[in-house]
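Just below is one structure, and these are the notes that go with it.
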Amino acid sequence: MSESSPGKKSISAIKGTKDILPREARAWQQAENIAKNVFELYGYREIRAPVFEATELFEKGTGQTSDIVIKEMYTFTDKGGRSVTLRPEYTPSVVRAIIEHRLYLQPGPLRFYYIGPMFRYDKPQKGRYRQFHQIDIEVFGESDPAIDAEIVEMADYLLQELRISDTETLVNSVGCRKCRPAYIKELRTAAQAVAASLCADCQRKVTTNPLRIFDCKIETCGELARRFPEITAYLCAECDDHFRNFRAYLDLYGIPYRIEPRLVRGIDYYTKTTFEITTVKLGAQNAVVGGGRYDDMMKDFGGPDICGIGFAAGMERLLSVARLEKKPESFVFIAHLGSEAKKVALGIARDLRRQAVECLLEFKERGLKAQLGRASKLQASWSLIIGEEEIKKGQFLLKNMKTGVQREVRLEDIPDLVRTESRQD
Ligand SMILES: [Zn+2]
Ligand SMILES: [Zn+2]
């Protein structure tokens, strides 16, 4: 609590990171609780993996040609000479954990969720951070397209619970290892024809992975990409069937959607279904939820041949458009007069807290006026006055700070009284 002395340079948070201060943290807790409740209703259970992993996990999982791996990974060498990376996304960690702990031996499908920080060494800009937070769900071992639709429906419900409106659901299929190569070939030909007009980054992608051109944010590239062949015309029978059934289940749920053939999402491992839920509330149309299927990932990591699907949602983005109810603070400020009263007050505070009544008292002995002044500055809902008289009588003065109404109460009446009055707020 000391003031910074002149001449000494204070240390600030690292560029691209952000403190979530107590007032803001309330909204975070609310959103996190809503998400957890929704996911648990659908049978998901929490999994927590470490924040950093071996670099090769993400190179292999997220993909060598993805922008995340090429430009944005937070990678460093630790004191043991190992290359480690702060996770840029969550799925590879979950896949690793499933294989490592043989979770696939449990009755499937496995449904997991996670809420926590991710790290990308991106150019810090408005609303984008190098440490950001994601809500993430994954299902392993369910190939039925009904699950693809169910997770979209769950995401939709989550957004409803967060009271995020004006959303649009975009869906696509990116095919599989059987049908995608033929499409990529056509795509490369089309991209090669206009390569001179593409940005330097996209020119490189023409050879490495032309699918990634669709991720480019530069307008001229986007304009050209709109005339490229569409993957949906190249799907094999299995992928086409899966995509059709997925959409039929969305119809069943009554979820409107738009097919967006350029929705490939910035990650290499997707197969079949990809989807995004966007909202116009974020200025331009921006995704609040994005996900897809990754049927080959587990196998590619040396695990069993188990398909997977999931989605992620950025907490910062969700919170910027969520309309959460602000719950007023509700606590009792205990004012005490005299050293004997202080001791009694300490005991009363403990007892009230044991009965789930939030209370606060200050340890310094001050006048009543000063203490009540503190109570109103802290926006206490009630103040409870404890003086020698009150202790003798066993009756205390409880003041509702909002209405100004005071009444004599016995200690045992306080929990009920406080709860009734908070409900009336
Ligand atoms: Zn296919
Ligand atoms: Zn480009």
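A Cα-only calculation for the chain places Rg and Dmax at 28.0, 93 Å. Based on C-alpha pairs under 8 angstrom that are at least 6 apart in sequence, the range 203-339 has a relative contact order of 14 percent. In this calculation the C-beta distance from Q355 to E186 is compared with R0 = 60 Å, giving a FRET efficiency of 0.30. Projecting the Cα atoms of Q203, C216, G254 onto the dipole axis of the range 97-255, where Lys and Arg carry +1 and Asp and Glu carry -1 at the beta carbon, places Q203 farthest toward the positive end.
Dipole of the range 332-419 computed with +1 at Lys/Arg Cβ and -1 at Asp/Glu Cβ about the Cα centre; of I348, L368, L411, farthest Cα towards the positive end is L368. Once the Cα atoms are used to define both axes, helix 180-193 deviates from the longest principal axis of the chain by about 80 degrees. From helices alone, the chain scores -11000 deg cm²/dmol at 222 nm; the rule is -39500 (n - 2.57) for each run of n ≥ 4 DSSP H residues, then divide by the residue total. Once C-alpha pairs closer than 8 Å and six or more residues apart are averaged by separation and normalised to the residue number of the range 332-419, the relative contact order reads 31 percent.
Per residue, the chain exposes 53 Å² of solvent-accessible protein surface, assessed with a 1.4 angstrom probe and all protein chains in place. Return the lysines within reach of K272: Cα separation strictly under 25 angstrom, same-chain partners fewer than 8 residues apart disregarded; answer none if there are no such residues. Within reach: K60, K178, K185, K205, K217, K299.
Among the trypsin sites (Lys or Arg not before Pro) in the range 343-425, those located in a DSSP loop and surrounded by at most 12 other Cβ atoms within 10 Å of their own Cβ are K364, R410. If you roll a 1.4 Å probe over the range 254-363 with all protein chains in place, what percent of the accessible area is carbon or sulfur? Taking all protein chains in place, the range 254-363 shows 53 percent carbon and sulfur surface. Compute the relative contact order of the chain as a whole-number percentage, counting only Cα pairs closer than 8 Å that sit 6 or more residues apart in sequence. 14 percent.
Shown here for the range 102-133: trypsin sites (Lys or Arg not before Pro) in loop regions (DSSP other than H, G, I, E, B) with at most 10 other Cβ atoms within 10 Å, namely R102, K126.
The values are calculated or read from the model by the stated rules, or taken from the named source; none is laboratory data. If you're wondering where the values come from, they're calculated on a predicted model, not measured in any experiment. As a convention, Cβ positions derive from the backbone with ideal geometry for all residues, glycine included, and neighbour counts pool all protein chains shown. Calculation scope for accessible area: heavy atoms of the full protein, side chains included, ligands and nucleic acids excluded. Shrake-Rupley method; radii C 1.70, N 1.55, O 1.52, S 1.80 Å.
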